[in-house]
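Undergrad: Below is one structure. I have some questions about it.
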Amino acid sequence: MMGTLVTRKDIPPWVKVPEDLKDPEVFQVQSLVLKSLFGPQGSRMPRIEQVSQAMFELKNLESPEELTEVFIYGSQNNKVRAKWMLQSMAERYRLRQQRGVLKLEEAMKTLELGQCTE
């Protein structure tokens, strides 16, 4: 396959071989975030691929941050759009997690204040 990293056997029909496999868009994201985006065992990945008309490959990196490298294949427009979409979804997830932590911290402070006034 002309020096690409693609190892998948189930290349979706909207990905043109070999031209769409030559120059993937690549970015890194926390593995935990990917699990929330793609579902358990990547169950939602085929649907997201279909919507974005792209193909994803995931490569776990040996890193303390538990990062996964995401390779996106497809036409140039579809690759860029899919990368933007995934990065936006990951950022939204990260912000939601942050807000949840902040709410928890506020609740803990409220509990501590309540105990002090008794």
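Undergrad: Cut-off is 10 Å between beta-carbons; in what order do Ile11, Ile48, Ile72 appear when sorted fewest neighbours first?
TA: Least to most surrounded, the residues fall as Ile11, Ile48, Ile72.
Undergrad: State whether segment 17-118 is rounded, prolate or oblate according to the following rule on the C-alpha gyration tensor (a ≥ b ≥ c being the square roots of its eigenvalues): a/c under 1.5 gives rounded; otherwise a/b larger than b/c gives prolate, and the remaining case gives oblate.
TA: In terms of gyration-tensor shape, prolate.
Undergrad: Please turn the phi angles of segment 8-23 into ³J(HN,Hα) values with the Karplus equation 6.51 cos²θ - 1.76 cosθ + 1.60 (θ = phi - 60°), one per residue in order, whole Hz, x for glycine and proline.
TA: 5, 9, 9, 5, x, x, 7, 8, 7, 9, x, 4, 6, 9, 6, 9
Undergrad: Here's something else I'd like to know. Kindly put Glu91, Glu65 in sequence by how many other C-beta atoms sit within 10 Å of each C-beta, fewest to most.
TA: Fewest to most other Cβ atoms nearby, the residues stand as Glu65, Glu91.
Undergrad: First check a/c for segment 1-73, with a ≥ b ≥ c the square roots of the eigenvalues of its C-alpha gyration tensor; if it is under 1.5, answer rounded, and if not, answer prolate when a/b is larger than b/c or oblate otherwise.
TA: oblate
Undergrad: I would also like to ask the following. Can you tell me the 0 to 90 degree angle between the C-alpha axis of helix 76-117 and the longest principal axis of the chain, rounded to 10?
TA: Here the helix axis deviates by roughly 10 degrees.
Undergrad: Quickly estimate the mean residue ellipticity at 222 nm for the chain, helices only: each DSSP H run with n ≥ 4 gives -39500 (n - 2.57), and the total goes over all residues, rounded to 500.
TA: -17000 deg cm²/dmol
Undergrad: Under a GNM of the chain (C-alpha, springs under 10 Å), which listed residue has the highest mean-square fluctuation: Leu61, Leu102, Leu37?
TA: Largest GNM mean-square fluctuation: Leu102.
Undergrad: Another question, if that's okay. What percent do you get for the relative contact order of the chain when only Cα pairs under 8 Å and 6+ apart count?
TA: Computed over the chain, the figure is 27 percent.
Rule-based calculations on the coordinates, nothing more; no lab input. Predicted, not measured: the structure shown is a model, and the values here were computed from it. Glycine gets a Cβ as well: all are built from the backbone with ideal geometry, and neighbour counts include every protein chain shown.
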